[in-house]
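Read-outs throughout are calculated quantities, based only on the coordinates presented, and are distinct from any laboratory measurement. Keep in mind that this is a model prediction, so the values were computed, not measured. Cβ coordinates were reconstructed from backbone atoms using ideal geometry, including for glycine residues, and neighbour counts include every protein chain displayed.
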Amino acid sequence: MTAFEKTFGTAKPVIGMVHLGALPGTPLYDAGAGVAGLVAAARADLHALQAAGFDAVMFGNENDRPYEFAVDTASTATMAYVIGQLRSEITLPFGVNVLWDPMSTVALAAATGAAFMREIFTGTYASDMGHWAPDAGKAMRYRNRLGAGEALMLYNVSAEFAHSLDRRPLADRARSAVFSSIPDAVLVSGQITGEAAKMEDLEAVKAALPGTPVLANTGVKHDTVADVLALADGCVVGSALKVGGDTWKPVDPDRAADFMARAKAARA
């Protein structure tokens with residue numbers, strides 16, 4: 001059994017997102033609800049996902065728009081506090097993602113004991129946030145220095161809100177990233193949050209990486225999850241589980257349960 005399978009307990013995990021509310025200092029932060037409100041909302045989403053039977057959950061700061069490459073220390077600290085408040089209630093493997101800051105993501109994973117982390121660790125992009133050039137070597141060495149070497153690193157190789165400046169096909173970039181950077185899994189995304197990755201992109205990347213888990217990272221829906229899992233080694237899902245399918249709403253327990261029932265049927 002691989003480290004990936006040991007972490008998730010299955011060869012094709014379905015990871016549900018806990019999108020934290022906007023964090024202190026960000027433009028959309030709700031000062032009236034405060035940090036206590038962030039904890040309460042995250043708790044409700046966490047319990048809905050666990051009750052629905054997801055294989056893992058991932059905490060992310062999706063609401064911290066406009067996004068940054070070097071997030072404020074307060075954002076990482078608040079995420080750690082929220083996860084810490086919920087730690088005794090988490091019954092699944094959990095991961096973290098601090099958009100779009102690899103070093104803060106690694107630090108948060110180490111601080112909370114996360115089983116995995118997701119981020120853009122490789123590539124060069126023109127993006128809504130400006131020129132984007134993460135350093136996988138620096139992030140991986142930082143992970144090891146912090147004693148979090150067992151936390152899986154999930155590499156998103158098709159950045160949202162961005163266009164790759166690398167002219168190689170996506171499959172070639174993914175294959176190169178695996179050779180040079182040793183990710184535990186590769187993620188394929190659509191152009192923005194909630195937008196599906198192209199099936200032909202998933203197929204091409206999986207064909208190029210038969211020995212590496214390849215997951216769909218965005219836009220998986222109730223009516224597409226069976227097709228995605230027939231091709232990919234799992235998926236990350238957020239928007240489809242929310243009230244009305246709206247990314248910025250809370251998790252709908254019924255939608256989450258229906259989604260996971262379809263995923264389990266597809267895996268069976």
Of the residues in the range 208-227, those that are in contact (Cβ under 8 Å) with a residue 60 or more places away in the chain and assigned to a loop (DSSP other than H, G, I, E, B) come to P213, N217
Output yes when any residue across the range 147-160 is in a loop (DSSP other than H, G, I, E, B), over 17 Å from A109 (Cβ atoms) and touching a residue at least 60 places away in the same chain (Cβ under 8 Å), and no when none is.
no
Being part of a helix (DSSP H, G or I) and in contact (Cβ under 8 Å) with a residue 40 or more places away in the chain: is that true of V57 here?
no
Among the residues of the range 102-139, write down those that are in contact with a strand residue (DSSP E or B) (Cβ under 7 Å, 6 or more places away or on another chain) and hydrophobic (A, V, I, L, M, F, W, C).
V106, L108, A109, A114, A115, F116, M117, I120, F121, A126, W132
Single condition P183 does not satisfy, out of (1) touching a strand residue (DSSP E or B) at 6+ places or on another chain (Cβ under 7 Å); (2) within 25 Å of T26 (Cα to Cα); (3) surrounded by fewer than 24 Cβ atoms within 10 Å (Cβ to Cβ); (4) not aromatic (F, W, Y):
(2)
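So which of D64, D45 is among the acidic types (D, E), buried (at least 16 other Cβ atoms within 10 Å of the Cβ) and outside any loop (DSSP other than H, G, I, E, B)?
D45
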Condition test on V178, is it crowded, with 23+ Cβ neighbours inside 10 Å and in a helix (DSSP H, G or I)?
no
Pick out the one residue from L165, L170, L154 that is closer than 22 Å to Y67 by Cα and in contact with an Asp or Glu (Cβ under 8 Å, 6 or more places away or on another chain).
L154
Some residue of the range 12-26 being farther than 30 Å from G211 by Cα and in a helix (DSSP H, G or I)
no
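Condition check ((1) among the small types (G, A, S); (2) without any contact (Cβ under 8 Å) to a residue 12 or more places away in the chain; (3) surrounded by fewer than 21 Cβ atoms within 10 Å (Cβ to Cβ)) across all residues:
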| position | (1), (2), (3) |
| --- | --- |
| L38 | no, no, no |
| A52 | yes, no, no |
| A74 | yes, no, yes |
| G84 | yes, no, yes |
| T91 | no, no, yes |
| F94 | no, no, no |
| A111 | yes, no, yes |
| A114 | yes, no, no |
Filtered residues of the range 254-268 (kept if of a type in the set (G, A, S), over 30 Å from A40 (Cβ atoms) and part of a helix (DSSP H, G or I)):
A265, A266
Picking from L99, L165, L170, the residue that is out of contact with any His (no Cβ under 7 Å at 6 or more places or on another chain) and more than 26 Å from P210 (Cα to Cα) would be L99
Matching residues in the range 149-161 - criterion: being within 13 Å of V188 (Cα to Cα) and either charged (D, E, K, R) or out of contact with any helix residue (DSSP H, G or I) (no Cβ under 9 Å at 6 or more places or on another chain) (or both):
L154, N156, A159, E160
Does at least one position in the range 239-253 carry a residue that is in a helix (DSSP H, G or I) and touching a Leu at 6+ places or on another chain (Cβ under 8 Å)?
yes
Restricting the search to the range 1-11, which residues are free of Cβ contacts under 8 Å to residues at least 60 places away in the same chain and either in a helix (DSSP H, G or I) or buried (at least 21 other Cβ atoms within 10 Å of the Cβ) (or both)?
E5, K6
Candidate set: the range 67-85, residues that are outside any loop (DSSP other than H, G, I, E, B) and β-branched (V, I, T); chosen: the one farthest from the chain's Cα centre (by Cα):
T73
